[in-house]
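Each remark here refers to the structure printed beneath this line.
Any read-out appearing in this document is the output of simple, stated calculations on the displayed coordinates, not a laboratory observation. Keep in mind that this is a model prediction, so the values were computed, not measured.
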């Protein structure tokens, strides 16, 4: 089955700086890679996703890159703000294969220092 | 529109007792998923319903866990008898049918503590 590794487990950055979270996956059949943000006491929410036919996707201050050959994908947050503090989870899934469950990484606790 | 709801938000039980968790998906969502996060580890897939049918239950840890979705609406996850290692946060998620890349919307989770 799929295995997703996520690094780092904790990331502390100064407000205004950039943050990068990296994930690797094992199953080359995976073709959908969402990122979820979970603020303290709240539910995980999708912030951005990327499909395997695209190398990069951007939405305002967040972007995701995918390298299919190396089987890794990364989340980039620029101009970080206090409200970016949260736990971020990457995930992978093979769509159309009948098994629709997401395989998650262990999460990254992002701390934005004022 | 109401999001995915879960009940209870917290449950504390003793080892050997039974607990039933409930999930109400977003109205009209035929796909319903259960996940679990044990402290400090990844969110792990348990099973997937399409309407009332179990599409994939490969993540269910053992036969102490029973999930149902009678009528294809809300779902329950029963743990009987509960063990210490069952402690964690149980998430439910739902998504629409018809498109492989449909977003899974998560509920707030049920925090289960087994003493």
In terms of the alpha carbon gyration tensor, root eigenvalues a ≥ b ≥ c, rounded if a/c is under 1.5 and otherwise prolate when a/b exceeds b/c or oblate, the protein assembly as shown is prolate
Evaluate the relative contact order of segment B:1-108 (contact order divided by residue number), counting alpha-carbon pairs under 8 angstrom at least 6 apart; express in whole percent.
-> 34 percent
Across A:71, A:42, A:22, the residue with the highest GNM fluctuation in chain A (Cα network, 10 Å cutoff) is A:42
Between rounded, prolate and oblate, where does segment B:74-115 land on the alpha carbon gyration tensor, with a ≥ b ≥ c its root eigenvalues, rounded for a/c under 1.5, else prolate if a/b exceeds b/c?
-> prolate
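Given axes a ≥ b ≥ c from the Cα gyration tensor, I'd like to know whether segment B:1-94 is rounded (a/c under 1.5), prolate (a/b larger than b/c) or oblate. Walk me through the intermediate numbers first.
Details: a/c = 1.64, a/b = 1.52, b/c = 1.08.
Prolate, since a/c reaches 1.5 and a/b exceeds b/c.
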For chain A, what is the per residue volume of the convex hull drawn over the alpha-carbon atoms, in cubic angstrom?
-> 95 Å³
